[in-house]
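Each value in this text was obtained by applying a stated rule to the coordinates, not by laboratory testing. None of these values were measured; they are calculated from a predicted model. All Cβ positions, glycine included, derive from the backbone under ideal geometry; neighbour counts span all protein chains shown.
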Amino acid sequence: MKLAWLSLGLGLLLALLGGWSLARPQQAARAWQRFPRSVGWGTLLMLLATGWFLYYVAQENIADFAPIKPHLMLAFGAVGVGTCLFVKDYLGARGLAVVWLLLAKCMVDTGRPHLSETPWVLVNQTLAYALVLAGMWLTISPFRLRDGIGWCTAGTTRFRIVSIGLLAVGLLLMVLAETAYRGL
């Protein structure tokens with residue numbers, strides 16, 4: 001994947017989330033508050049993460065794992081689907097955590113070859129490592145997402161600041177995609 005496309009996609013997603021939260025703060029705050037326990041969003045994110053992880057396992061060429069790769073694929077797929085069926089509590093938070101970890105891997109892998117070309121790649125790399133930390137934290141204690149969202153949505157000023165922050169990071173990533181990352 002090209003770094004510019006990845007940055008543009010992430011920027012667009014963050015800018016849309018931030019813009020929606022600014023335009024409809026009450027509706028967005030309610031949706032944010034429901035998200036950590038959402039079975040629908042959690043199932044979607046967990047199945048996305050499972051497919052994405054299986055793709056990475058399928059691409060792996062380590063000879064030591066070649067004989068057991070089909071068994072690993074089956075086991076990992078069963079864990080992903082089983083999570084959707086049997087672990088309903090905080091499924092939205094759990095699914096988001098796994099997607100963040102996989103997205104961080106994609107961001108680091110995409111940016112690594114271009115580190116010597118522009119120092120702006122460090123923006124994506126830093127965001128990727130922040131996603132790793134957040135993903136690990138939510139994997140360990142998914143209720144923290146509920147608590148964090150509760151804190152963000154506790155007041156209109158605080159929610160507006162968080163929304164502006166998301167919009168600003170999204171716009172920064174889109175600008176970088178069109179300038180510093182162009183052609184990368």
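Values for this structure:
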read-out	value
Gly51 vs. criteria of a type outside the set (A, V, I, L, M, F, W, C), assigned to a helix (DSSP H, G or I) and under 18 Å from Leu127 (Cα atoms)	no
Leu16 in contact (Cβ under 8 Å) with a residue 24 or more places away in the chain, hydrophobic (A, V, I, L, M, F, W, C) and surrounded by 14 or more Cβ atoms within 10 Å (Cβ to Cβ)	no
Yes/no for Trp5 being in a helix (DSSP H, G or I) and either crowded, with 16+ Cβ neighbours inside 10 Å or under 13 Å from the mean Cα position of the chain (by Cα) (or both)	no
Checklist (1) surrounded by 13 or more Cβ atoms within 10 Å (Cβ to Cβ); (2) under 22 Å from the mean Cα position of the chain (by Cα) applied to Lys69, failing item	(2)
Count of residues meeting criterion [of a type in the set (Phe, Trp, Tyr), on the phi < 0 side of the Ramachandran plot and in contact (Cβ under 8 Å) with a residue 24 or more places away in the chain] in segment 72-131	4
Yes/no for Thr110 being of a type in the set (Ser, Thr, Tyr) and within 17 Å of Gly42 (Cβ to Cβ)	no
